Amino acid sequence: MRNLEEQITQYAAYHRDRRNIATHFVGVPMIVFGVVLALAQILVGPVHLGWIGILVASVYFLILDRPLGIAMVAYLLVNVIVASVVSAKTSIGGGFGIAAVFFVVGWIIQFIGHRFEGVKPAFTDDIMGLVIAPLFIVTEFFFILGARRELKQYVEDRVGPVLAARDGALIGPVVRSTKGNVGDSV
């Protein structure tokens, strides 16, 4: 299992354009809520799958990093509680319909962000990007607050700084191939 630094750096390599990151602050929460709400429509005994899903995700995030994991647990709890309330007030079909709207609109916003970025979404090369996306948003929020400076520096040392506009430009440290030629940035 890759550690926190490796996971965030891998995801950040596809997210260095400030506009793309801004769209992720809207799109990722919409997608997460859509998934949790869809899972909330499926009962397993006395609980719905939303609770089971956030439990599994929370354990994973807490293993990766305690402070960020705690923030993720709080964020996921809000999602599952709201999803539970929506589920209680709607039919199963209504709940799935609302979940689908959040999910689809969230992805549209994500793809707009990647159009700004000029690079494909991270999950196309690493399916774990789908799991790391919400953690990336929480991590970026920590960075905005001035927290986790060492993690921010670690990421920037490997994939470059956040730019006002990337537009597909290569950024980050330059890597030399084994033949001594300059290759793509990391």
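The values are calculated or read from the model by the stated rules, or taken from the named source; none is laboratory data. Just so it is clear, the model here is predicted, and its values are computed rather than measured. Cβ sites come from the backbone with ideal geometry, for glycine too, and all protein chains shown count toward neighbours. Side chains included, ligands, DNA and RNA excluded: accessible areas come from the protein's heavy atoms. Shrake-Rupley method; radii C 1.70, N 1.55, O 1.52, S 1.80 Å.
Quick look at the values:
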read-out	value
Protein accessible area in the chain, 1.4 Å probe - carbon and sulfur %	70
Dimensions (Å) - the chain, Cα atoms, principal axes, largest first	61, 32, 32
Shape box of the stretch 12-56 [Cα atoms, principal axes, largest first, Å]	44, 16, 10
Residues whose placed amide H lies under 5 Å from that of L163, excluding near-sequence neighbours	D17, R18
Cα-Cα separations in the stretch 40-133 greater than 23 Å, expressed as whole percent	39
Candidates L39, L135, L62, ranked by Gaussian network fluctuation over the chain, Cα under 10 Å, top entry	L62
Helix-derived mean residue ellipticity, 222 nm - over the chain, DSSP H n ≥ 4, -39500 (n - 2.57), to 500	-22500 deg cm²/dmol
Cα lying deepest toward the dipole's positive end in the chain, options F61, I21, L130, charges on Cβ	I21
Total charge dipole magnitude, the chain, about the Cα centre, Cβ charges on Lys, Arg, Asp, Glu only, Debye to nearest 20	140
Probe 1.4 Å, protein heavy atoms only - accessible area per residue of the stretch 31-128 in square angstrom	52
